[in-house]
Structure formats: C-alpha cells, structure tokens
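Below is one structure, written out as structure tokens; the observations come after it.
The values are calculated or read from the model by the stated rules, or taken from the named source; none is laboratory data. This one's a predicted model, so the numbers in the text were calculated from it and none came from an experiment. Cβ placement follows ideal geometry from the backbone for every residue including glycine, while neighbour counts extend to all protein chains displayed. Calculation scope for accessible area: heavy atoms of the full protein, side chains included, ligands and nucleic acids excluded. Shrake-Rupley method; radii C 1.70, N 1.55, O 1.52, S 1.80 Å.
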Amino acid sequence: MAVQLNVPLFNKRLRSVLDSWRGAAGDEDYSSIADVDALFVCAGDPVGEDEATRKGTAFQTWLLGYEFPSTFMLFRKDKLLILCSASKAKILSQVVGPNSHVPVEILAQARAKDAPTDAFPKFVEAYCASKRVGTLTKETYTGKIIDDWRAAIAAADSPPTLVDMAPAMSSFLAVKDDEEIKTIKTAAALTSTLLVNYVTTRLETILDRETNITHEQFATQIEGKLGYGEGEEAKARDVKVWGQNKALSDVDWSSADFAYTPIIHSQNTSTGYDLRPSSESSPDPMAHKGVLLVSLAMRYKGYNANLGRSFIVDPSKEQEELSALLLSLQAELLPIIVDGVATRDVYQHAVSFVREKKPEVEKNFVKNVGHILGLEFRDSTYTLATKNGRKLKKDMVFNLSLGFTDLQDNNGKKYALHLVDTILVTGPDAAVCLTTGMKSNKETLFFLSNDEEVKPSKSAKKTTIAKVGANGNASPAKNKTAGGKVLRNKTRSAAQEELVQTTAARIADHQRELHAKLVTEGLAKFSEGAGGSGGKEGKGWKRFQSYKGEAALPREAESLRIFVDKKAQTIILPIHGYAVPFHINTIKNVSKNDEGDFTYLRVNFQTPGQLAGKKEDTPFEDPDATFIRSITYRSPDGHRFDQIAKQITDLKKEVNKREQQKKEMADVIEQDTLVEIKGRRPTRLPEVFVRPALDGKRLPGEVEIHQNGLRYQSPVSSQKIDILFSNVKHLFFQPCDHELLVILHVHLRAPIMIGKKKAHDVQFYREASDVQFDETGNRKRKYRYGDEDEIELEQQERKRRQLLNREFKAFAEKVAEASTQSTGDTLETDIPFRELSFEGVPFRTNVRLQPTTECLVYLSDPPFLVVTLGEIEIASLERVQFGLKQFDMVLIFKDFTKTPLHINSIPSAQLDDVKNWLDSVDIPLAEGPVNLNWGPIMKTINEDPYDFFQHGGWTFLGGAAGGDESDAEQDSDTESEFAAEDEETFSSESSDEGSAYDDSNASEDEGSGSDFDEDESEDDWDELEKKAAKFDKRAAEKGTARGDSDEESDRPKKKKAAPKANGKSNGAKAKGKR
C-alpha cells in the first residue's frame, strides 16, 4: 500500500485521548470535555498552502500521521467511528484490529458512480444519539460533505448540544512524545543552521558593501537556500549552507519547508518595526545603519521551530544595554520555565526583571513572552501572558519571544528589539534552547570605523577600530566594521573603492560611458557621406486616374447628380453643369448637417499644409497650386444625402483597408523550397499544436527537422508550414515550470504567410497539464495528503512536466544544431529568465515580460512580443515620479524609421530591477517624469540624424549623459517640441471616419504601434509660420479672410512652451531653432 500508517503510534495516542477524557473531571486542562458524551472532529476540503494550520487538521495529523480531507471522526468512550470516502477507507483500515484500545469502525461512502451506502445516515444517527458533543465550534470548513452534514443535522429531530473542546484539544497536543521532540529538534537545527551559515554572513556582506537590496529581496534569497521549483529548471537546496551541520545528514528534505517567509525589518521599513510573525518583509531598500530584525521559522514534518535576532549597526550606548538586557532576561527565565509553573508566573517574572534592571523601558516590554509550538505555529491556549493560568508540563515546546517595541534612538527614530528562540521544558531542570547561534553582543553588534569621519593624511597609518563587546572591552578577534572605511581582509584604498561602487554609482558610471559611446557611434553612422536617409525613400507623388476619357464615364453621370462609382473608386460631383469625377484618394472625409428644411453635404479634399490631418507630409505634384479645400451641396432630400455620405464613407474605408493590407504584405517574403531529408526518417516532435493555428479543426501535428528547415505537418489533409533555417532569427525554449504550456518558439527574420495571415512568429507547444498544478513552487508533502490517488496523481504530474521539458529542450537543441550546420551561422536556444521578469503592458493587456540572453520576450499567449536587445538604441523610462505606482518604458530602435515600442504600467517596485537589467545588457537608459510625444521626435531625428547627434543626441531625455544646466535654460523654449501634446480635435462625422480617411499611400515600415509619421505637429514652428503667411496672402488675394477656412483648427496658434520633460534640453536643437 502506498500510504503506511504508524498503527502502534495511533493506538498509543488514541489511548492518551480517551484516558484524558475519562479523567477530565479531575484535570483542569480537560474540564471543557468533562460532561460531553462524544468528541466530533471534522475536516472539509483542503485549505490553501498559505493559510495557518487548523487545530482540527493538526489533531488529525497528530493522531493518524497524515491529513485526511473530507473525513469525520466521532470519538465515544467505547468506540471510534470514522466517515470517509472509499479510497481513504482502504488506508484507514490499517488501524482496525484487535490491538486497538477501543473498536474502530470505518464507514465508507460510495463512489459517485456506485449506489449510495448507509454510511452517512449511520454516522448521523450515532452523532445524534449523544446529548452533548464536544467539537471545535470556532472553526469553519467547506466542501460537499460539509454541506450535506449541515443539511442532515438541520433535519434531525433532536441534534445534540455543542461544546467547544478547543482548550482540551490543545492539551492533547501540548505535551510532546519522543518522536515529536526529535522532529522539532530537527526543525530547530534547520533554522539555526540557516541563520549561522547564511543569513548572518550574507547580512555582513550587505552591510560591508552597502549593497542596494530590499527587505523582500533578502527574504527571497534566504528562502531560496532551501531550493524551489520542479523539473530540470528547479533550483536545488544550497549544500554549502546545509552541509556544514552534520546532524542534518539524514533529513528528509521533501518534508522541510518555511513556516513563513523570512521577515526582515530595518529603519527604512515603511510600516515600521513589527515583531508579529504575521508581518511581512517590505519592498523598501534595507538600511545600512540602525537596528535590523531577522525572524526565521522552519517546519519539518509539520512541526515548527522559530527564532529571531536583532542586529545593530553603530549602536548607541542605550541600544547596547538593551541588547544585553534581553540576553540576561532569557538566561534568567530558562531556570523558571519548569514543570508545574503557571504560564502567568513566567511573564510576571520577566516584567519584574525588566523593572528591576531598567524600569524606564518597562512600558515598552512585549505583552506576552511567547506561546506553545508544535503542529500549530501558535496556540493561544498556552500563551505566556499575565492572564493565563495554565500549567507548564514536561516535554512542552515553547516559542520564547522577548522584546521591546516603540523605542526611540538619539535621532528620534523609532525602533524595536527582540530575541526569539524555541525552548523545551525538560521537567524540574531549566528549559533548554533548541535554536542556537548569533546571540551575544559580539556577534550581533557592528561598529563603524572612525576613519569615516576623519580624513587621514598620506603618512597616517591604517588603523581599525575593534568591535566592542558587551562588557565595553575591545575584542580584536571580532573586527567587524559595516559601512566604514576598513573592511575585513582589505586595504583602505580597496575598501574606499568598494564603498563608492554601490549599485547606483556603478550604473551611473556605466551609463555615462554608454551615452558617450552612443553619440560617437551616431556621428560616425550619419556623418556626411554616410549620412542618414531621413526615412523618406518611399514617398513620392502617386497619380490617380478614375477614367481614361469622357466616354468612360458611367451613364449615371448624365443626370448631374452626386454618384458614387465603387468600381472606379470615384465620386462624381456636379459642378456648374459638369460631371466632375474625383478619385476617392483625393477626398479626406465627408460630413452631413441638417439646418432647417435643408440638409448640407460637405466633401473635404486632401490639400497640402493642413495641420488637421495626420498625413500633412503627403506629397503633391505641385504643392503651390490652387487647391479646393471643400465643396458643399444643399438638398431638401436628407435621406438621399444620408445614403451618399454612407457610400462615400464605406468606399473610403474599403480603399484604406486595401491599401493597408497591401502595405502590411510588402515585407512578406517567398521562402525557398524546403529540402527534405532522404535516406532516413527526420527527427520529429510529435503531438504539438501550432500558433498561429491552421484552418480547420484544432488537432495536434508534428514538427520535423529537414535539411534546410523545419516542417509542421498537420494531421488534417495536406496542410503544412515550412520554416527555412535561413529565415530563423531567434529560437526560444520556454519550460512549463510555473506555466501551463511547454513552448518551442521561432522568431523569423522576415514574415511569412500562414493561411491568410502574416506571421513574424511561429510557435509549437504542448499543454503541460489539464489537472490542478501547484504554481507556488512549494512541494506537496506526503503528510499533508492522505489519499493515495491524490499522491499518485501529483507524482505523475511532476514526472510528466519533467519529461515534457526534457523532450522539448532536446528537440530545440537539435534544431539549433541543424540550423548551424545548414546556414553556417550559430543559432543558440534561448531560455527566458523568469527571475528577471517584470510586468508591463506592451499591447492591451498586462503580461509578464521575461528577458533572455538576446531578447525581451512574452511567449505565453498571442500577440507575442520578441524584442532583440541588439537592435535597441536607448530605453527611456517615463513617468518616473515619487508617489506613482507605475512607470512606462519606451524602447527606441537603432533603425529610426521603426516606431518606438511602448511598454506601459510597469510597477514602480520593479524600477531598480529593470534599470539593473538594462544596464547589465549595455542598453543606455534615461529617466523622465512625463510621457513624451515620440511621433514628432522621431520625425525630427529622421530629417537630419547627423545634426541631431551633433547637438547632443539623446541628452535631451535627461539620461546619465545629460548636458549642462546653462544650455538647458537657454533652450527651454524649444524643449516644448518634445513634451507630451494633446491631440487636436477636428470637426468630422466621427473619429472613426476621420481615421479611416487618412491617406495611406506612403510606404513606411510598420512597428508594433502606429507609425510616427502619422502624428501631428510635425513641422517646426518657423516652417509652420511661413506656410501660414503664404495661406494668408492667397486668402487676401481672393478677398477672403483666414477665419473663413472650412476648419478653424487647420492652423492652431503657437502654444506656450510646455514644462521641460527632465531638465536637460540640449536635444531640443534636434527640432526647433537650428
């Protein structure tokens, strides 16, 4: 049988429960169950991993060795009844036998597909036969069996009276037997080993080097020492840490876990110091001075051990005294904690000791000095507090927690101190600490070097300040200094260099180098002779011909009425008795207004110099010719004008859509023929789905590796996808750890057609599982699940994921090898780094973006994102302001004709992580408090890239290579060209129609967003003033005023200079006065 119960231990503990119950009348600890007829313990559905262990679950685990969800137990003084499922009944049948203290009856419920049994009614009948039943009245459970139970009791004629038996159950679990004590000692050894061999040494390094790290990150690093994840990508436990304690050689590591995530507090913690185990490590950066509180708790086979320490950097005299007082208090209390002492006496003795030694801090002393430990982390029944009269007994295990809160240092800042250990009541002798290490002041106090304040001369000798012990004497052997000029085993100059090279300083220095290199490379790339193209190669005048002559006009033109000729894509307008055709591309939009009895139809044409349209730079054959802006018709037949307006709008949309499709397909390539492997079967990856999906029913196919490419063969008819190695730009393998899919992703150099759609990416995947999967990374422990079916399913799931990862990874490596042999260019399999991931919105939804060696990717769902890091010119971090919870990142590509990629709504808590990652991959970055209007910026850069770099390049962003403040002040007026601008609104029938009428003839490369050449305000103000003057002159010659223009917003007034984006304005010369 897969699950083996410890039957002798069960019988022993069952006897203990029944004997204590029978003698409850004479024992104060069990008085709550003295007059009950039965004890009822129920369990519903399993609780989440993060929830505290319930008393009923702890009792079940204590008695049976495992947790059995959806199981009821009814204890009578002469019998034990257990109601459970059929599968659990097979396991629990092991406890039924002649050696049991009382008869045990298993009532097995039928499976869903079988006929119901009388198990449930029989159990309800036995329950209702008792008048008073002890149970855990304060605990609530959920699940189908719980709902059925409530319904059955509600329908019963005379349900029993319920009595809360929680105090008695706490007494059942309080005294530990030899097996439990051994387990708790292992948990304590795990906790102490982690503290001494990693936490303390890592903390010293952080303080010595003043490492920029948050409390949360440090806690995560500590937690990672036990290992996490599953499969090939799982991180194993750190043998260097645990291997130093030989007592842990026989530990079952699958049963070891953290009782809670390690808690780190410093004076930078925004919520203040909190001594409760329910507190959490904050995302604030750790302080390198003052008090640092560390709390650790580990669980082994369900039993908990806890400890806490206070580390103080540059302590004051009072802090030294308080730290020594806690040590003395613990030493004072251990002899008091013996068998037979009341819990209140322990607390009162502690208060008396503090009052005697340092009465001014009595008000700051904690309200209780601990609680009992075991399967439950905290049981309030045995709290070491002033109002608790429970007696201590031999072999009880307590969490002795001493501390002071709301203390104030010399600077008026609040702090707290604590000293926490797991102790064992040994009987008449003094209690012993099961957790050890790093208690004395020599080990927990760090002193700054005097060299930090005094600047020595060249002839000054290198001296160190020895760490002072608790007694005030120097301790040369313990020469720790944190944040000072002298570090262990380092010269003074090396220490100074390391101190200066903090993370922020290193990033700033590196960024200055990257920005300088960027300007140098930009000048070389766009120098005269190598100059920039300006991104205008594809633009030119395009003629539109509706008809070859008058004879080709449709018959409807003779009626001299407005006619929409969809075949010729033309609108025929009657003008002064003539039918005049206008191609749809010459028309901007159409609007209809009702005034009185008449309906007015206005047709607006594309003309040069319009600020209203997004196609201001659309080329014209002769821009200086006279253009008709609009033409208006009036008619009493409003219904006909409705039809005409709709026909023109639909035709415009249809033509724009056709042009857009043509433009999108411009970069699609026709691949060469795939050369199939002959003479042997190709390497295959079977049972995989493909994205984008092929037409027809969704069925898995197989991927084959051929001589010069890959082929995906669908099982339906002859559908297939060929990908040549010469067109593969990146190859990614994403394992199914923490994911629902295992993925092999191919990013192409040029898009191909799959069905009727253009595809830049082709993805092959297989679903990892369709059953429940624990994504937290915590291991399921055998003692938590008693159902052998569930345990088996979990093991199968884990193995399945490992096999999937191994299969896909091996195939990806074979693809990379075949590609390298075929093309001669090295192709490596890239795997996303989940630990470097961050959240953001590159499209419309919030996703987890993961860096790889060469890219930034999101592969889990379409639309996919693959950004090659080598193609990024600079990263601009926007909306970086104190108080904002999110910021944006804009990636500008080295190909300035590509639209910058916007990744919005990145949590501000990940700002430092993003900056560290960008700096580590040599991408220049800049920060700014506002969003910039990148359309005009990129247009200006493309007009003259060389001039842009000559005037400082990207320094206007305010990055690490920002310009002088004086220049920023002089150019502050022109800075407004790059500030975020509100879009101008124009009169049109609807915003959708306006956007649909935009001319789309210019063949510009598209990015992931809208083209930057479609943004407004693209000419600088000098050029706009010149155009306006020309327009005024022409209008005056015709006797018309400027205000008679069909659209008042055609030439908006010059705006007042917007506030500077980030205080640096050298780059404003890129657009403006040059």
Residue, farthest from the chain's Cα centre (by Cα), within the stretch 304-349, restricted to residues that are open to solvent by 10 Å² or more (accessible area, probe 1.4 Å) and among the basic types (Lys, Arg): ARG344
ASP642 vs. criteria surrounded by 12 or more Cβ atoms within 10 Å (Cβ to Cβ), in contact with a Ser or Thr (Cβ under 9 Å, 6 or more places away or on another chain) and farther than 20 Å from VAL603 by Cβ: no
Scope the stretch 209-251; condition modelled with pLDDT of 85 or more, outside any helix (DSSP H, G or I) and within 18 Å of the chain's Cα centre (by Cα); matching residues: ILE213, THR214
Unique residue being closer than 21 Å to THR161 by Cα and either modelled with pLDDT under 90 or of a type in the set (Lys, Arg) (or both) when the list is ALA2, ALA38, ALA24: ALA24
Filter result (touching a helix residue (DSSP H, G or I) at 6+ places or on another chain (Cβ under 7 Å), of a type in the set (D, E, K, R) and assigned to a helix (DSSP H, G or I)) within the stretch 304-356: GLU320, GLU332, ARG355
Some residue of the stretch 54-66 being open to solvent by less than 40 Å² (accessible area, probe 1.4 Å), part of a loop (DSSP other than H, G, I, E, B) and within 16 Å of GLU788 (Cα to Cα): yes
Test: residue in the stretch 112-127 that is open to solvent by 50 Å² or more (accessible area, probe 1.4 Å), basic (Lys, Arg) and either closer than 25 Å to ALA34 by Cβ or modelled with pLDDT under 90 (or both): yes
Which listed residue is under 30 Å from ILE903 (Cα atoms), more than 18 Å from the chain's Cα centre (by Cα) and not acidic (Asp, Glu), from LYS814, LYS809, LYS799: LYS809
Which numbered condition VAL675 fails, given (1) touching a residue at least 60 places away in the same chain (Cβ under 8 Å); (2) open to solvent by 60 Å² or more (accessible area, probe 1.4 Å): (1)
Unique residue being of a type in the set (S, T, N, Q), part of a loop (DSSP other than H, G, I, E, B) and closer than 27 Å to SER527 by Cβ when the list is THR940, THR897: THR897
Output for the stretch 852-891, where each listed residue is within 29 Å of PRO692 (Cβ to Cβ), β-branched (Val, Ile, Thr) and in contact (Cβ under 8 Å) with a residue 60 or more places away in the chain: THR852, VAL857, VAL866, THR868
Residues located in the stretch 862-872, provided they are under 20 Å from PHE949 (Cβ atoms) and open to solvent by 20 Å² or more (accessible area, probe 1.4 Å): GLY870, GLU871
Residues within the stretch 711-745 that are under 16 Å from LEU685 (Cβ atoms) and in contact with an Asp or Glu (Cβ under 7 Å, 6 or more places away or on another chain), tallied: 7
Flag if GLN267 is of a type in the set (S, T, N, Q) and over 21 Å from ASN441 (Cα atoms): no
Near pairs, Cβ below 9 angstrom, 6+ apart or cross-chain, from the stretch 86-115 (free of Cβ contacts under 8 Å to residues at least 24 places away in the same chain) to any residue that is assigned to a loop (DSSP other than H, G, I, E, B) and surrounded by fewer than 16 Cβ atoms within 10 Å (Cβ to Cβ): VAL96/PRO103
Test result for VAL41, in a strand (DSSP E or B) and either in contact with a Phe, Trp or Tyr (Cβ under 8 Å, 6 or more places away or on another chain) or within 24 Å of VAL124 (Cα to Cα) (or both): yes
Pairs, first hydroxyl-bearing (Ser, Thr, Tyr) in the stretch 832-847, second open to solvent by 20 Å² or more (accessible area, probe 1.4 Å) and in a strand (DSSP E or B), C-beta under 7 Å, six or more apart: SER837/ARG848
Members of the stretch 735-751 found to be open to solvent by less than 10 Å² (accessible area, probe 1.4 Å) and part of a strand (DSSP E or B), listed by number: VAL742, ILE743, LEU744, HIS745, VAL746, LEU748, PRO751
Complete set of residues in the stretch 378-390 that are closer than 16 Å to ASN304 by Cβ, open to solvent by 20 Å² or more (accessible area, probe 1.4 Å) and at pLDDT 90 or above: none
Conditions (1) free of Cβ contacts under 8 Å to residues at least 24 places away in the same chain; (2) in contact with a Phe, Trp or Tyr (Cβ under 7 Å, 6 or more places away or on another chain); (3) not basic (Lys, Arg); number of the one not met by ALA52: (1)
Any hit, the stretch 85-106, residues being open to solvent by 10 Å² or more (accessible area, probe 1.4 Å), in a helix (DSSP H, G or I) and either aromatic (Phe, Trp, Tyr) or on the phi > 0 side of the Ramachandran plot (or both): no
Selection status of ASP379, within 39 Å of the chain's Cα centre (by Cα) and over 23 Å from VAL432 (Cβ atoms): no
The stretch 421-432 - residue that is part of a strand (DSSP E or B) and open to solvent by 10 Å² or more (accessible area, probe 1.4 Å) and, of those, farthest from ILE312 (Cα to Cα): LEU424
Enumeration of residues in the stretch 816-837 that are closer than 20 Å to LEU740 by Cα and either in a loop (DSSP other than H, G, I, E, B) or at pLDDT 95 or above (or both): ILE831, PRO832, PHE833, SER837
Pair list, Cβ < 7 Å and 6+ apart or interchain, from the stretch 624-652 residues that are touching a residue at least 40 places away in the same chain (Cβ under 8 Å) and farther than 16 Å from ARG561 by Cβ to residues that are in a strand (DSSP E or B) and open to solvent by 40 Å² or more (accessible area, probe 1.4 Å): SER630/ARG602
